[in-house]
Every structure is written in structure tokens, then in C-alpha cells.
Amino acid sequence: AYDRVHLTEFFATRDATKLGMCDEKWFKEHKVSCRINARVEKIDKESGKLTVKDTKTGKTDEVGYDFCVLATGSYPFVPPLKNLSMDVVGVFVYRTIEDLEGMILYAKKCKKAAVIGGGLLGLEAAKAIYDLDQETHVLEMAPYLMPAQLDEAGGHALQKKIEGMGITVHAGAKISCAVVEDGVFKGLMVSDKDHPEEYLLELEMLVVSAGIRPRDELGRQCGLAIGQRGGVIVNERMQSSDPKIFAVGEVASYKGMCYGLIAPGWDQASVLAKNLEEATWGLKDKKETSSPAGEAPLYTGSDLSTKLKLLGVDVASFGRSLDFWFKGQLKEQQAKEQGLSFTLQQDPFSGLYRKLVFNAEQQLMGGLLVGNAEDYYSLLALTQKGDLGSKAPVDLFLGGNAEGDADDLADD
């Protein structure tokens with residue numbers, strides 16, 4: 001097993017073992033039986049047995065269980081575009097070490113590549129092909145980059161920073177089809193907000209990073225309740241509609257949400273382990289996942305706050321609660337409707353964009369930081385306090401600021 005979150009680091013080391021999460025010694029020490037090349041074909045809920053196929057020999061056997069945990073993750077979503085499939089030479093997804101090894105090899109005969117998807121993983125993929133000395137293009141369907149974490153102005157600031165490196169961003173991109181000749185990828189037919197007329201974007205390599213879909217096939221096969229957008233529906237104990245089957249990570253659907261981040265997966269696994277009374281690590285000290293003394297913890301959702309460096313640019317997004325993202329408190333119209341105000345710091349020349357959002361009681365509801373996130377942790381801590389203490393909103397930013405409300409957001 002390896003840490004897919006740090007997949008991009010493979011390009012620097014070309015050593016898959018450095019991404020490893022555990023080895024054979026760990027399994028032995030923890031008395032865990034690990035079978036590789038083993039695929040579960042069927043879950044029989046009535047008998048409490050799994051049908052397991054050896055992918056090398058083709059032989060099958062049965063494994064009994066008292067409790068079964070689905071941690072099957074997700075698979076990459078490939079947009080249903082004409083001529084686009086994973087059978088086309090030069091088309092890759094950004095998912096596994098094998099994918100990266102294929103990209104590295106293929107890039108040796110390419111000069112121009114693109115990524116479909118301008119979210120977190122898409123920008124990681126863009127860095128990967130940029131580091132492979134490719135002329136790099138990023139195509140994002142939304143009007144700006146990272147629409148799940150940023151507002152429009154923040155997305156534009158990030159775009160400015162990235163384009164300063166020589167990477168071309170096509171925001172508001174609409175792709176009608178892939179251009180393929182004799183089974184080899186040659187480009188995309190595209191229009192975007194700067195070029196409304198469709199044109200041919202000539203390319204030699206394409207990396208698809210357009211989101212994920214839960215690998216819930218086993219849940220469907222055995223008749224578990226499935227979310228509207230996929231994923232095995234779970235309760236606060238990570239329990240499915242069958243009391244002996246649980247799910248964690250990207251395959252789990254909690255209140256309609258399938259998290260695509262690693263931190264929620266750890267939170268869910270820890271809650272589950274505590275509930276099964278087999279925990280080998282402690283639950284994080286988080287109020288939202290705490291429970292009364294003597295009771296097993298309950299899962300109530302995970303913090304989506306994140307701080308990372310994308311293509312050398314510091315980017316952070318943090319909130320008091322999930323409402324910051326799910327109720328769009330970072331967006332202009334939604335902020336106005338909820339009576340929120342903001343403090344804004346920006347420099348259009350350097351690409352700096354920092355925004356803090358407050359409610360009527362001057363509580364910090366969350367914020368976006370692009371270009372400078374050095375005070376991320378202190379600001380994140382403030383979201384968990386009742387007020388700002390002796391500080392005013394204008395005092396929270398380092399090095400100058402401007403203040404306004406939702407009506408003052410720039411149109412661009």
C-alpha cells in the first residue's frame with residue numbers, strides 16, 4: 001500500500017517504496033493477514049462470506065467474516081467525450097504509480113501536454129507534466145480554478161500565479177471531442193471564455209483529472225443502500241444498511257457526501273475502529289467527533305480546511321464549519337444572502353488574494369488565502385473561538401488590508 005496523496009513526489013524520487021504506508025513487518029507485528037492479487041467478487045450477507053478470486057491463478061475461495069469493512073476507494077472519472085477513452089495512446093489518468101510511470105516514459109517523445117481538470121489533483125498533475133518539460137495546458141470547465149475551494153477572484157489570482165510560470169490555463173473550457181489518428185491522441189476541440197469559437201488545441205499527451213466516482217460495485221452487488229451520487233450510505237458509526245458491513249473513505253457516502261480527501265478517511269477509520277473496540281490509534285481531539293464519556297465516538301463530518309502548495313503557490317481554504325463550503329459562504333451572492341461581511345487583501349500585480357468572512361457577531365467564519373498562507377493556522381484557530389477578542393477584522397491580516405462587505409466584491 002502507498003500514499004496516493006503524495007503521488008507527485010514520485011517524480012522527484014522515482015522510488016515507489018518512499019510512498020509506502022506499511023510493509024510486511026507491520027502486518028506481522030499487528031497480526032494482520034494481508035492477501036495481495038486477491039479480488040473480492042461477491043459478498044453474501046446471509047452466510048457472512050466473501051468470494052475471493054486469485055487474479056494470478058484464477059482460483060476462487062471463500063472467506064468468512066463477522067464484520068466486513070469496505071475501503072475500496074474510488075476510480076477516476078473520464079468525461080464521456082467523443083473519441084476519448086483509455087485505449088487511446090497518449091491518454092492517461094493521474095491515479096497510480098503505474099500511471100505515472102507510463103507518463104514518464106511517454107513524455108520522452110512529447111513536447112505538448114494538457115490536463116483536463118483544474119481542481120486540487122488536476123493542478124498536481126499539471127505540475128507533474130510541467131516537470132517533465134512539457135508545454136503545459138490546464139483545461140477547467142468552471143470559470144476559474146479550484147471552484148470547490150476558492151471564489152472567483154481567488155481562482156483568478158491562482159491562475160495569474162500559474163500562468164506566470166508559463167502554464168496556459170483554459171478556464172470555462174468546453175471540449176467537444178478528442179482528436180485521434182490511428183489510435184493515437186493528437187489534440188482536443190475546445191472553446192473557452194477567451195475563445196468562444198471552437199478551435200483545435202494540438203497536443204501529444206493528455207492527463208485526465210476530472211474527479212472521482214466511488215468504487216461501490218460490491219455494495220451494489222449485495223444490495224446495500226447506495227447514495228444518489230454513488231457510494232455506500234453509512235451512519236454516524238460508518239455502518240451501512242447491513243449492520244455487519246461498514247464503509248470508510250471515498251466509497252462511503254455520509255449525508256450525501258463522498259469525501260475525496262485523506263483526512264476524512266482517517267477520521268472515519270478512527271471512528272469505526274473505536275466503535276469496533278479494536279482501535280490501535282486514538283481519535284483526533286476534535287469537538288465535532290467527540291462523544292460523551294463512556295460512549296463510542298460518532299462521525300459527524302470532517303473539516304475540509306486545507307493548506308497546500310500548488311505549483312509553488314501557497315493556497316489555503318478554511319472554515320468554522322462545513323457551511324463555509326456547502327452553503328457557499330465564500331461566494332458573493334450566498335454571502336450577501338446570509339448577512340456576511342468580509343475583509344479583503346489583494347495585490348493584482350503579484351497575484352496575492354486573501355479573504356476573511358465574518359458573520360454579524362464578528363465571528364470568523366472562514367477564509368481563502370492565495371499567495372501567502374503563513375498565518376493559516378492562527379486564523380484557523382480563530383474560527384473555533386466565540387469572537388476575535390480584542391482584535392478587529394482589519395487587524396487579522398499581515399501587512400495591510402482593505403475591508404468591505406459582500407457588495408464590494410470585484411466583478412472579475
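The values are calculated or read from the model by the stated rules, or taken from the named source; none is laboratory data. What you see is a predicted model, and the numbers here were worked out from it, not measured in a lab. Quick reminder, even Gly has a Cβ in these numbers, built from the backbone with ideal geometry, and neighbours come from all protein chains shown.
Residues in segment 194-217 that are within 28 Å of Gly249 (Cβ to Cβ) and either surrounded by fewer than 19 Cβ atoms within 10 Å (Cβ to Cβ) or without any contact (Cβ under 8 Å) to a residue 40 or more places away in the chain (or both): Gly211, Ile212, Arg213, Glu217. Scanning segment 361-393 for residues that are of a type in the set (A, V, I, L, M) and in contact with a strand residue (DSSP E or B) (Cβ under 8 Å, 6 or more places away or on another chain) returns Leu364, Met365, Leu368, Leu369, Val370, Ala373, Leu379, Leu380, Leu382, Leu388. Applying a threshold of 8 Å to beta carbon distances and a minimum spacing of six or more residues, or different chains, the list of pairs starting in segment 254-267 at a residue that is basic (Lys, Arg) and ending at one that is in a loop (DSSP other than H, G, I, E, B) reads Lys255/Gly301.
From the list Ser241, Ser191, which one is closer than 26 Å to Ser74 by Cβ and of a type in the set (Ser, Thr, Tyr)?
Numbers: Ser191 fails: closer than 26 Å to Ser74 by Cβ.
So the residue among Ser241, Ser191 that is closer than 26 Å to Ser74 by Cβ and of a type in the set (Ser, Thr, Tyr) is Ser241.
When Gly172, Gly155 are checked against the criterion of being outside the structural domain of Gly371 (by TED's automatic domain parsing) and under 22 Å from Ala316 (Cβ atoms), a single residue qualifies: Gly155.
Sub-7 Å Cβ pairs linking a first residue in segment 307-324 that is aromatic (Phe, Trp, Tyr) to a second residue that is surrounded by 20 or more Cβ atoms within 10 Å (Cβ to Cβ), at least 6 apart or interchain, are Phe318/Ser305; Phe318/Gly366; Phe318/Gly367; Phe318/Leu379; Phe318/Thr383; Phe324/Leu330; Phe324/Met365; Phe324/Gly366, ordered by first then second residue.
Would you mind stating whether Val190 is buried (at least 19 other Cβ atoms within 10 Å of the Cβ), hydrophobic (A, V, I, L, M, F, W, C) and more than 20 Å from Ala142 (Cβ to Cβ)? It is false that Val190 is buried (at least 19 other Cβ atoms within 10 Å of the Cβ), hydrophobic (A, V, I, L, M, F, W, C) and more than 20 Å from Ala142 (Cβ to Cβ). Considering only segment 85-102, state which residues are more than 27 Å from Tyr259 (Cβ to Cβ) and either assigned to a loop (DSSP other than H, G, I, E, B) or in contact with a helix residue (DSSP H, G or I) (Cβ under 9 Å, 6 or more places away or on another chain) (or both). Across segment 85-102, the qualifying residues are Ser85, Asp87, Val88, Val89, Gly90, Glu101. Any idea which of Leu311, Leu340, Leu304, Leu364 is within 19 Å of the chain's Cα centre (by Cα) and farther than 30 Å from Leu272 by Cβ? Selected residue: Leu311, the only one of Leu311, Leu340, Leu304, Leu364 that is within 19 Å of the chain's Cα centre (by Cα) and farther than 30 Å from Leu272 by Cβ. Exactly one residue out of Phe342, Phe349 is surrounded by fewer than 21 Cβ atoms within 10 Å (Cβ to Cβ) and either in a loop (DSSP other than H, G, I, E, B) or not hydroxyl-bearing (Ser, Thr, Tyr) (or both), and it is Phe349. Can you tell me which of (1) touching a strand residue (DSSP E or B) at 6+ places or on another chain (Cβ under 8 Å); (2) not in a helix (DSSP H, G or I) is the one Gln159 doesn't meet? Against the list (1) touching a strand residue (DSSP E or B) at 6+ places or on another chain (Cβ under 8 Å); (2) not in a helix (DSSP H, G or I), Gln159 comes up short only on (2). Taking segment 180-211 as the range and being among the β-branched types (Val, Ile, Thr) and either more than 15 Å from Val115 (Cα to Cα) or not assigned by TED's automatic domain parsing to the domain that holds Met146 (or both) as the test, the residues that pass are Val180, Val184.
How many residues are buried (at least 20 other Cβ atoms within 10 Å of the Cβ) and either touching a helix residue (DSSP H, G or I) at 6+ places or on another chain (Cβ under 6 Å) or not in a loop (DSSP other than H, G, I, E, B) (or both) if we restrict to segment 168-186? Break it down stepwise before answering.
Going residue by residue through segment 168-186, those that are buried (at least 20 other Cβ atoms within 10 Å of the Cβ) are 169-171, 173, 175, 178, 185.
Subsequent filtering for residues that are either touching a helix residue (DSSP H, G or I) at 6+ places or on another chain (Cβ under 6 Å) or not in a loop (DSSP other than H, G, I, E, B) (or both) retains 169-171, 175, 178, 185.
Final tally of qualifying residues: 6.
Of everything in segment 39-83 that is of a type outside the set (A, V, I, L, M, F, W, C) and closer than 30 Å to Ser176 by Cα, the residue that is surrounded by the fewest Cβ atoms within 10 Å (Cβ to Cβ) is Pro80.
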